[in-house]
1. Please go through the stretch 87-110 and pick out each residue that is at pLDDT 95 or above, farther than 21 Å from Gly126 by Cα and exposed (fewer than 14 other Cβ atoms within 10 Å of the Cβ).
2. Restricting the search to the stretch 174-186, which residues are surrounded by fewer than 16 Cβ atoms within 10 Å (Cβ to Cβ) and in a strand (DSSP E or B)?
3. Against the definition (part of a loop (DSSP other than H, G, I, E, B), within 25 Å of Lys55 (Cβ to Cβ) and either out of contact with any Leu (no Cβ under 7 Å at 6 or more places or on another chain) or modelled with pLDDT of 95 or more (or both)), how does Val82 come out, yes or no?
4. Among the residues of the stretch 20-55 satisfying the criterion of being surrounded by 11 or more Cβ atoms within 10 Å (Cβ to Cβ) and among the acidic types (Asp, Glu), which is modelled with the highest pLDDT?
5. Which members of the stretch 111-126 meet the condition of being surrounded by fewer than 16 Cβ atoms within 10 Å (Cβ to Cβ), part of a loop (DSSP other than H, G, I, E, B) and either among the hydroxyl-bearing types (Ser, Thr, Tyr) or in contact with a strand residue (DSSP E or B) (Cβ under 9 Å, 6 or more places away or on another chain) (or both)?
6. Would you confirm, using the coordinates I've provided, whether Pro150 is part of a loop (DSSP other than H, G, I, E, B), of a type outside the set (A, V, I, L, M) and in contact with a strand residue (DSSP E or B) (Cβ under 8 Å, 6 or more places away or on another chain)?
7. Residues being in contact (Cβ under 8 Å) with a residue 24 or more places away in the chain and farther than 12 Å from Ile42 by Cα: count how many of those fall in the stretch 119-142.
8. Based on this model, can you work out whether Arg68 counts as outside any strand (DSSP E or B), of a type in the set (Lys, Arg) and over 20 Å from Asn138 (Cβ atoms)?
Amino acid sequence: MNWFRPSGWLLDLARIFLAAVILAGPSPAEVENPKVSTVTKIIILRHAERQSDDKDTALSEAGQARARALVPLLESLKPDVVIVSELRRTRQTVAPFLEKSGMVPLVRRNEKCAELAAEILRVWPGKTVLLAWHRGPNVELARALGAKEPFSQWGPNTYDRYWIITVRADGAVTLEEKVQPPVVSTTSK
């Protein structure tokens, strides 16, 4: 055997090495613009209308209608991750979307906003994270993500709003409040 003359296995090894180098290299976008920033989007959606003031109450009929009406909006936002609180009304709010998308939500405690913000920024940079959350803790979470006030405080009957918080790789944070599409009643009178 001549060690200076490449044989079949040596050529195969060289091809594998070359393919690994090419795949590990920068993407064409990174070559053209090496300062491509990673943007993380966090969508904070308040749970839909609740049945009662009990701590772990279910959604009311109006809340269930809102949850169904949210599906097209949530599809358009294209979340990579869905997070709900431990209270069932948050999961019920996104249940129709979860059923259609096949996504499985992560559950986090709603009083652990600082820890959740740190987790989002550490684990899902460059992703879109949807949180079905609560009024009150939404403000604490926005602050923990770096959003600067003033931003609106949702009232006890405000169920039709959501925030999009954008965190750029350079640390710049923006918060934009959006209004959900109106819920059209399907019941006849």
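The values are calculated or read from the model by the stated rules, or taken from the named source; none is laboratory data. Predicted model only: the values in this text are computed from it and were never measured. Counting neighbours? That spans all protein chains shown, and the Cβs are built from the backbone with ideal geometry, glycine included.
1. Matches in the stretch 87-110: Glu99, Lys100, Gly102.
2. Result: Thr174, Glu176, Glu177, Lys178, Val179.
3. Here the answer is no, as Val82 does not meet what is asked.
4. Our first condition is that a residue be surrounded by 11 or more Cβ atoms within 10 Å (Cβ to Cβ); within the stretch 20-55, this holds for 30, 36, 38-51.
Among the residues that remain, those that are also among the acidic types (Asp, Glu) are: 30, 49.
Values: Glu30: 47, Glu49: 95.
Looking at the filtered set, the residue picked out is Glu49.
5. Listed by number, the residues that qualify are Pro125, Gly126.
6. No; evaluated as a whole, the condition is false for this residue.
7. The number of residues fulfilling the criteria is 4.
8. For Arg68, the condition - outside any strand (DSSP E or B), of a type in the set (Lys, Arg) and over 20 Å from Asn138 (Cβ atoms) - is met.
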